[in-house]
Every structure is written in C-alpha cells, then in structure tokens.
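A.B. asks: Mind looking over this structure? Questions follow.
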Amino acid sequence: MHPFFVWLEATSLSTWIRESTSVLAFPAILTLHTIGMGFAAGLSAAVDLRILGFAPAAPLLELRRFLPVMWIGFWMNAVSGVLLLIAYPTKALTNPVFYLKLFFIALALVGTRFMERSVFGDADRDLKPAARKCRMLAIASLVCWTGTITAGRLLAYTYSHLTSLQ
Amino acid sequence: MHALQFWIYDTLRAMKWAKPFMTSRWGWPFCETVHFLGLSLLVGTIGMFDLRLLGMGRRIPIRALHKLVPWGVSGYVVALITGIMFLATEPDQYVFNPAFHWKILFMAGAGLNMATFYLTVFRRVRFLGSGDDAEVPAKVIAALSLFLWIGVIVFGRMLTFYRPADCGSEPLSSISTCIPLR
C-alpha cells in the first residue's frame with residue numbers, strides 16, 4: 001500500500017473517526033453525510049423537476065431562495081466526506097467507484113453553476129416555459145445526482161482494501 | 001411488548017419472496033441505492049414545501065409548490081418498498097434494534113403530522129398566494145415535518161451501529177433489544 005495511506009490512517013484524527021466507540025465519531029459523521037445528501041441532491045432534484053415543467057405555476061426565479069439551503073447541504077457533505085476519507089483513505093482511493101462518484105459530483109457542480117447563470121440569471125424567465133438548454137441542464141443534474149448517490153452507496157460493497165494498516 | 005415483536009418477526013420471516021433477490025450479489029446494494037434516492041426525493045420536495053411554509057421563497061404560491069408533493073410521496077413509497085425488503089430479508093436485525101424502534105416512532109410522527117396538516121391548516125394555507133405568510137400553526141407543522149424526517153434519517157443511519165446481539169440468558173425487557181433464543 002502507498003505509504004501516504006499508512007501515514008494518514010495512523011494519525012490520531014483518522015484513528016479516532018475509525019475506531020472510537022463514541023456515537024459522535026463515525027456514526028455522526030455518516031449521519032451528517034446522509035442529511036446533507038437529502039438536502040443537496042433533493043433540493044436540486046426539486047428545482048430540476050420545476051424546470052422540466054412540473055409545478056409550472058411556481059415562479060422559477062423564486063426557487064433561487066432555496067439554493068443556499070442546497071449549498072449548505074453540499075458543504076456539509078464536502079466536510080463530512082473529507083472526514084470519512086481521512087478515516088478510510090485506502091478503502092476509497094483504491095476503489096474506481098470512488099473516482100466515478102467524484103466525477104459525478106464535479107459534473108453536477110458545473111451544471112449547477114451553468115444553471116445559476118442561465119436559469120436564475122434571466123429575470124424574464126419566470127413563467128415562460130424553460131428553454132431547451134435549461135431542460136437539458138435539469139436532466140443532466142438529475143442524472144449526476146442519481147449517479148453520485150448510486151456510486152456513493154456502492155462504495156460499501158465494491159472496495160477491495162479496507163485499510164493499509166494490519 | 002415482545003410478543004408483538006415476535007409476531008412481527010414471524011410475519012416478516014414468512015415474506016419469502018424478497019429473499020432470493022436480496023441475497024443475490026447486487027440485490028441488497030441495489031435496494032440500498034433506491035432507498036437513498038427515494039429519501040433524497042422525499043426530503044427535497046417535502047423539505048422545500050416545508051421551507052416555503054416557514055417563509056422561504058415567499059413569492060411562490062402554496063398551490064404551485066404543492067404540485068411537487070406527489071414526487072415526495074413517490075420517493076416515500078419507493079423507500080418504503082425497499083425498506084420492507086430489508087425487513088423481510090433480515091427481520092431480527094430490525095425488530096430487535098433500538099434504532100429501528102426510534103425510526104418507526106419518527107415515521108409514525110411524520111405521518112401523524114402530515115395527517116394533521118391536511119385535516120386542519122391545509123384548507124386555508126392552500127389559498128396563500130405570492131408573498132403571503134403562512135399562519136403560525138402551519139409553520140409549527142412545517143418545522144415538525146423537517147425535524148421528524150431528519151430524525152428518520154438519523155435513526156436509519158444508526159441501525160448499523162445498534163445491531164442487536166443474542167440475548168443469552170438475560171431476562172427480556174418490555175421491548176426486546178436483543179435477539180431472543182426461540
């Protein structure tokens with residue numbers, strides 16, 4: 001195994017998250033990761049559904065107000081995700097599925113940025129049917145978050161090495 | 001109380017249809033994935049509706065946003081079906097698990113809360129238009145909804161960490177939280 005994994009897994013933070021019997025260690029971090037997932041992926045999906053024409057009477061621009069909550073969920077997951085990675089670097093980084101998950105997240109972020117400009121940047125967008133480009137972005141967003149959740153869930157079943165430590 | 005637990009346990013164990021699929025290579029991981037996708041859809045759409053009642057995105061008429069609620073319900077149904085498949089496959093891991101008892105309690109609370117919403121304030125709240133603020137009882141229900149669904153996630157996650165052990169010779173308490181010898 002890579003010496004970096006061995007070093008990281010021996011740090012006190014990594015050891016604490018992995019081995020502590022405290023509910024505030026691994027269980028709480030994993031729980032925060034799931035709550036963040038619900039709000040990040042879920043609110044994105046709700047916005048996507050509106051763009052695709054469900055709930056057509058909801059003014060699209062006003063959905064902007066929910067984006068900060070979506071971003072709180074996202075950053076909750078970025079932080080808890082890094083902590084989980086510190087706990088089990090070998091498990092994640094030797095698994096191709098983990099890189100697939102990162103790829104989906106990166107794509108979802110780029111898509112969200114585009115959406116913030118094209119959908120929420122146009123003041124006249126409100127009630128007219130969303131343009132083709134916006135619909136494509138919404139579909140891409142749904143695909144990316146579904147991919148992220150699927151890859152994330154499969155991490156528990158596809159890893160080949162749990163830790164580098166013996 | 002544990003007589004009821006035994007009955008639930010036996011009923012779940014009799015549901016043999018789930019087992020062949022769930023014990024196949026990708027059966028359980030597939031259902032876990034679908035369970036989490038359903039969860040996200042539920043939290044995203046119902047959570048957005050709750051946040052609107054609490055005053056976020058106030059320019060959105062309630063009726064317009066309520067159109068997303070069926071999506072939340074379908075997320076719930078999907079999570080419920082996959083949840084029952086977990087139960088039918090490993091009943092003792094859930095029926096005797098304290099985290100599962102709390103999860104069921106919070107799910108029942110969320111259901112009751114939703115019923116209260118539709119039976120009381122919904123009649124008035126549905127006519128709230130752009131810029132209208134919801135009444136206090138509606139806000140309380142919305143806040144409770146967020147709290148209860150987050151609680152369901154918390155205890156769902158805790159299931160793994162409160163897996164029941166065999167009871168051994170311990171006398172059973174009113175609710176069994178260990179797997180009794182039969």
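The values are calculated or read from the model by the stated rules, or taken from the named source; none is laboratory data. Just so it is clear, the model here is predicted, and its values are computed rather than measured. Here Cβ is always computed from backbone atoms with ideal geometry, including for glycine, and neighbour counts include all displayed protein chains.
A.B. asks: Can you tell me which residue among B:I8, B:I62, B:I46 is within 23 Å of A:T146 (Cβ to Cβ) and of a type outside the set (F, W, Y)?
C.D. replies: Testing whether each residue is within 23 Å of A:T146 (Cβ to Cβ) and of a type outside the set (F, W, Y) leaves just B:I46.
A.B. asks: Something else: Report yes if some residue within segment B:7-19 is within 16 Å of the chain's Cα centre (by Cα), closer than 16 Å to B:L80 by Cβ and touching a residue at least 12 places away in the same chain (Cβ under 8 Å); otherwise report no.
C.D. replies: Scanning segment B:7-19 turns up no residue that is within 16 Å of the chain's Cα centre (by Cα), closer than 16 Å to B:L80 by Cβ and touching a residue at least 12 places away in the same chain (Cβ under 8 Å).
A.B. asks: Next question. Within segment B:149-166, can you find the residues that are more than 14 Å from every other protein chain (Cβ to nearest Cβ) and surrounded by 17 or more Cβ atoms within 10 Å (Cβ to Cβ)?
C.D. replies: B:P164
A.B. asks: Go through the residues of segment B:97-116 one by one and say whether even a single one is over 20 Å from A:L30 (Cα atoms) and part of a loop (DSSP other than H, G, I, E, B).
C.D. replies: No.
A.B. asks: Please specify each residue of segment A:42-71 satisfying the condition of being of a type in the set (A, V, I, L, M), part of a helix (DSSP H, G or I) and farther than 15 Å from B:S40 by Cα.
C.D. replies: Once the filter is applied, which keeps residues that are of a type in the set (A, V, I, L, M), part of a helix (DSSP H, G or I) and farther than 15 Å from B:S40 by Cα, segment A:42-71 yields A:I51, A:L60, A:L61, A:L63, A:L67.
A.B. asks: Condition first: part of a helix (DSSP H, G or I), over 21 Å from B:G156 (Cα atoms) and not aliphatic (A, V, I, L, M). Now tell me which residues in segment A:1-18 satisfy that.
C.D. replies: Those that are part of a helix (DSSP H, G or I), over 21 Å from B:G156 (Cα atoms) and not aliphatic (A, V, I, L, M): A:P3, A:F4, A:F5, A:W7, A:E9, A:S12, A:S14, A:T15, A:W16.
A.B. asks: Anything in segment B:22-55 that is surrounded by fewer than 20 Cβ atoms within 10 Å (Cβ to Cβ), within 10 Å of chain A (Cβ to nearest Cβ) and free of Cβ contacts under 8 Å to residues at least 12 places away in the same chain? List them, or say none.
C.D. replies: Correct list: B:R25, B:W26, B:P29, B:F30.
A.B. asks: A further question on this structure: Return only the number of the condition from (1) within 11 Å of chain B (Cβ to nearest Cβ); (2) under 21 Å from A:T163 (Cβ atoms); (3) of a type in the set (D, E) that A:E19 does not satisfy.
C.D. replies: Single failed check for A:E19: (1).
A.B. asks: Scan (1) closer than 18 Å to A:L162 by Cβ; (2) within 13 Å of chain B (Cβ to nearest Cβ); (3) free of Cβ contacts under 8 Å to residues at least 24 places away in the same chain for the single condition A:F66 breaks and write down its number.
C.D. replies: Result: A:F66 passes all but (1).
For (1) under 18 Å from A:I149 (Cα atoms); (2) surrounded by 21 or more Cβ atoms within 10 Å (Cβ to Cβ); (3) modelled with pLDDT under 95, each residue gets a yes or a no:
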residue	(1), (2), (3)
A:L30	yes, no, no
A:V47	yes, yes, no
A:I51	no, yes, yes
A:P56	no, no, yes
A:L61	no, no, yes
A:W71	yes, no, no
A:A78	yes, no, no
A:V97	yes, no, no
A:K101	yes, yes, no
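A.B. asks: Here's something else I'd like to know. Whether any residue in segment A:35-57 is more than 10 Å from chain B (Cβ to nearest Cβ), closer than 30 Å to B:F127 by Cα and among the aliphatic types (A, V, I, L, M) is what I want to check.
C.D. replies: For segment A:35-57, residues more than 10 Å from chain B (Cβ to nearest Cβ), closer than 30 Å to B:F127 by Cα and among the aliphatic types (A, V, I, L, M): present.
A.B. asks: Another one. Within segment B:56-68, take every residue that is of a type outside the set (A, V, I, L, M) and touching a residue at least 40 places away in the same chain (Cβ under 8 Å) and give me the one that is farthest from B:A79 (Cα to Cα).
C.D. replies: B:R59
A.B. asks: Has segment B:72-88 got at least one residue that is at the interface with chain A (Cβ under 9 Å from one of its Cβ atoms), touching a helix residue (DSSP H, G or I) at 6+ places or on another chain (Cβ under 9 Å) and surrounded by 16 or more Cβ atoms within 10 Å (Cβ to Cβ)?
C.D. replies: yes
A.B. asks: How many residues, within segment A:12-28, are touching a residue at least 12 places away in the same chain (Cβ under 8 Å) and surrounded by 13 or more Cβ atoms within 10 Å (Cβ to Cβ)?
C.D. replies: Of the residues in that region, 4 qualify.
A.B. asks: Kindly indicate whether any position in segment B:129-144 is of a type outside the set (A, V, I, L, M, F, W, C), part of a loop (DSSP other than H, G, I, E, B) and crowded, with 19+ Cβ neighbours inside 10 Å.
C.D. replies: Looking through segment B:129-144, none of the residues is of a type outside the set (A, V, I, L, M, F, W, C), part of a loop (DSSP other than H, G, I, E, B) and crowded, with 19+ Cβ neighbours inside 10 Å.
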